[in-house]
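Note sheet for the following structure.
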Amino acid sequence: MTVTLTWHGHSAFALEADGKQILIDPWFSGNPACQASADDQNPIAILLTHAHNDHVGDTVSIAKRTGAKVIATAELAGLIGKLGVENAHGGNHGGTVAFDGGTSKFVPAWHTSSYTMPDGSVVAPGVPAGLVVRFGGKTIYFAGDTCLFGDMALIGEEGLDLAVLPIGDNYTMGPADAIKAAKLLKAKAVVPCHYNTFPLLKQDGAQFARDIEAQTSCKAFVPQPGESIEVQ
Ligand code: NI
Ligand code: MN
């Protein structure tokens, strides 16, 4: 089965297999790197790593329109439910949640998690997570926003076809630590994200790809926003 990963800039991804789409951290509206429209997405599930607005993005409007199941850590799922989404499902670290066609397992991430409400007030729903997604016969790790941590070696024991890693630095690990992460994760391939969204996150994706292929046995894919790759 063909599994296609599309990068919409920052940490927003679509996965497609067997005619089904899922979205991860779907920040379309206001994402300076994104060329796609939230209105064109038709996911069966939306997976969230944490509550920051650059990750929750258009979740509420897409889920209301499509009925997509929203999977997030418990407190964030509760908030999404309060914002009017009927099919929000909470889990927590170590837990695996099923959706139509696949599963998503919450694994640790070192970061923070807050959400700025439409009225400007800030709430702090839950903790950040990484996600190990099994879909279309592939196993894909979305690290979310995180630093490097040693237990990535345990996440690697999941048998990863692809690891999606932030490299933007400042709020997450930068390229050097992402290469160390790739060594721990032992994924077959790596895709960088959470970079070049705005000047603070400027990184050289092509250089990252050269470095990771020189220093590890991982293949690197560096899509441009809007581009897709086939997960192999
Ligand atoms: Ni964040
Ligand atoms: Mn972020």
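The listed residues are T96, T112, and the only one of them that is within 22 Å of D145 (Cα to Cα), away from ligand 1 (no atom under 16 Å from the Cβ) and either of a type in the set (S, T, N, Q) or touching a Gly at 6+ places or on another chain (Cβ under 8 Å) (or both) turns out to be T96. I'm trying to understand the selection: among the residues of the stretch 45-55, which are crowded, with 20+ Cβ neighbours inside 10 Å and touching a residue at least 60 places away in the same chain (Cβ under 8 Å)? Correct list: L47, T49, H50, A51, H52, H55. Within the stretch 171-184, residues that are over 15 Å from M152 (Cα atoms) and surrounded by 18 or more Cβ atoms within 10 Å (Cβ to Cβ) reach partners that are at pLDDT 95 or above and among the aromatic types (F, W, Y) with beta carbons closer than 7 Å, at six or more positions or on different chains, in the pairs P175/F208.
Each row is one residue, and each column tells you yes or no for (1) assigned to a loop (DSSP other than H, G, I, E, B); (2) at pLDDT 95 or above.
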{"residue": "A98", "(1), (2)": "no, yes"}
{"residue": "S104", "(1), (2)": "no, yes"}
{"residue": "P118", "(1), (2)": "yes, no"}
{"residue": "V127", "(1), (2)": "yes, yes"}
{"residue": "V133", "(1), (2)": "no, yes"}
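For the stretch 1-44, a residue qualifies if it is surrounded by fewer than 20 Cβ atoms within 10 Å (Cβ to Cβ) and among the charged types (D, E, K, R), and the qualifying residues are E16, D18, K20, D39, D40. In summary, A214 fulfils each of the numbered conditions (1) assigned to a helix (DSSP H, G or I); (2) touching a residue at least 24 places away in the same chain (Cβ under 8 Å) with the single exception of condition (2). Selection within the stretch 44-63: residues that are farther than 18 Å from P225 by Cβ and assigned to a loop (DSSP other than H, G, I, E, B). The member of this set that is farthest from ligand 2 (Cβ to nearest atom) is I44.
Residues are listed down the side, and each one gets a yes or a no for (1) away from ligand 1 (no atom under 16 Å from the Cβ); (2) more than 24 Å from V191 (Cα to Cα):
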site: K105; (1), (2): yes, no
site: S121; (1), (2): yes, yes
site: G136; (1), (2): yes, no
site: F142; (1), (2): no, no
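The values are calculated or read from the model by the stated rules, or taken from the named source; none is laboratory data. Because the structure is a prediction, the values reported are computed rather than measured. Virtual Cβ from ideal backbone geometry, glycine too; neighbours counted across all protein chains shown.
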